[in-house]
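The values are calculated or read from the model by the stated rules, or taken from the named source; none is laboratory data. Just so we're clear, the structure is a prediction, and the values are computed from it rather than from any experiment. In this analysis, Cβ positions are derived from the backbone assuming ideal geometry, glycine residues included, and neighbour counts consider all displayed protein chains.
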Amino acid sequence: MKKGNGAMIGLFALLVIIAGGVAFMAFSGDAKSITGAATATGGTCDGVSSVTVTYNDVDKYTPGTDPGAGNLYIVTDNKGTQAEGAITLTPAKTYKGLAGENSSGIFAEVVDFSTSCSNEELVVEVRKSGAPTITFVNDNGLTQNADATAEAVDADGAYTFEGVIKAPSKACAARYGALLIADFDKTYLSNVDVDQFSGASAPTYLGHIDISNGTSDGFKAWKYEGELCNQEKVEITGSYDVTSTAAHEDNANIVWHWLPLDYDINQDSLAILEPAAEDEDNNALTHGNTTKEFFTA
């Protein structure tokens, strides 16, 4: 407790934060006590025109470690981007923001919080982003696909594959879902399918990556729903069809794109955009984006 004008103040400042749908408590600073003796009256604070909220983000998987230079974008009153540290705000007011907005290596978190009549600390739990490890197994269900162990394919053939997408340790390959996209040469492949995910569209910004011995000109996309974090893995199965054009080594390869989705701020309207792989101007939101080539012969 801290004394103010000789009187003990027996009130703790509790700040309830909702980040990514999970509620947790962040106690105020200064020995977890109210600083000063102001009281709220009808949504205002007597004798207090502003309060200081000290913003700090913490790593979900290593709480004692700062995840990096994370920003807090406050949408309310167009306060804009705030760096970690002290932020001057209006007392007894509700704010909405995006923690980790435009922050390298950190997934953003939607945050709703309310100030009181005293200085407080705003602590938000965030998740680091990282590229997953992607492996594929050939049609025989045994051989891990690689350049040296490519799948032998014939014209008009139909083939299956298995795959595993594994998140990195103490980071997320997906926080709000991800896009899985097959990039291929339509001269040699007529169709690619993934059994587990629903269909989606490739983002506007994404350009084709040419396979090892061909020119990619076909996209097919699917959406993975939910989180994939801290060495979690998802197993997939699928198939692909070879055209009547005889495929030589690497002609029928598939380049797989993994594109995590994230929240962002629309810089025109200042609204929080729903999780996507690109912003309102079709610029990539890069959080562990990666590619993996599936080899054929």
- Task: Output the number of residues of the range 273-297 satisfying the condition of being at negative phi and in contact (Cβ under 8 Å) with a residue 24 or more places away in the chain.
- Result: 17
- Of (1) part of a strand (DSSP E or B); (2) more than 30 Å from E125 (Cα to Cα), N213 satisfies all except one. Which? (1)
- Message: If I go through the range 168-188 residue by residue, how many of them are of a type in the set (A, V, I, L, M), assigned to a loop (DSSP other than H, G, I, E, B) and surrounded by fewer than 24 Cβ atoms within 10 Å (Cβ to Cβ)?
- Response: 0
- Does D241 satisfy the criteria of being surrounded by fewer than 21 Cβ atoms within 10 Å (Cβ to Cβ), outside any strand (DSSP E or B), out of contact with any helix residue (DSSP H, G or I) (no Cβ under 7 Å at 6 or more places or on another chain) and of a type in the set (D, E, K, R)? no
- Query: Can you find even one residue in the range 142-161 that is assigned to a strand (DSSP E or B), modelled with pLDDT of 95 or more, under 30 Å from S50 (Cβ atoms) and of a type in the set (G, A, S)?
  - Reply: no
- Message: I'd like to know if the range 122-138 contains one or more residues that are buried (at least 17 other Cβ atoms within 10 Å of the Cβ) and free of Cβ contacts under 8 Å to residues at least 60 places away in the same chain.
- Response: yes
- Message: Looking at the structure I just gave you, is V192 β-branched (V, I, T), modelled with pLDDT of 95 or more and more than 15 Å from F294 (Cα to Cα)?
- Response: no
- What number of residues within the range 251-297 satisfy the criterion of being of a type in the set (G, A, S), surrounded by fewer than 16 Cβ atoms within 10 Å (Cβ to Cβ) and not in a loop (DSSP other than H, G, I, E, B)? 1
- Task: Determine, yes or no, whether H248 is surrounded by fewer than 15 Cβ atoms within 10 Å (Cβ to Cβ) and not in a strand (DSSP E or B).
- Result: yes
- Of (1) farther than 30 Å from V75 by Cβ; (2) of a type in the set (G, A, S); (3) in contact (Cβ under 8 Å) with a residue 24 or more places away in the chain; (4) surrounded by fewer than 22 Cβ atoms within 10 Å (Cβ to Cβ), G207 satisfies every one except (3)
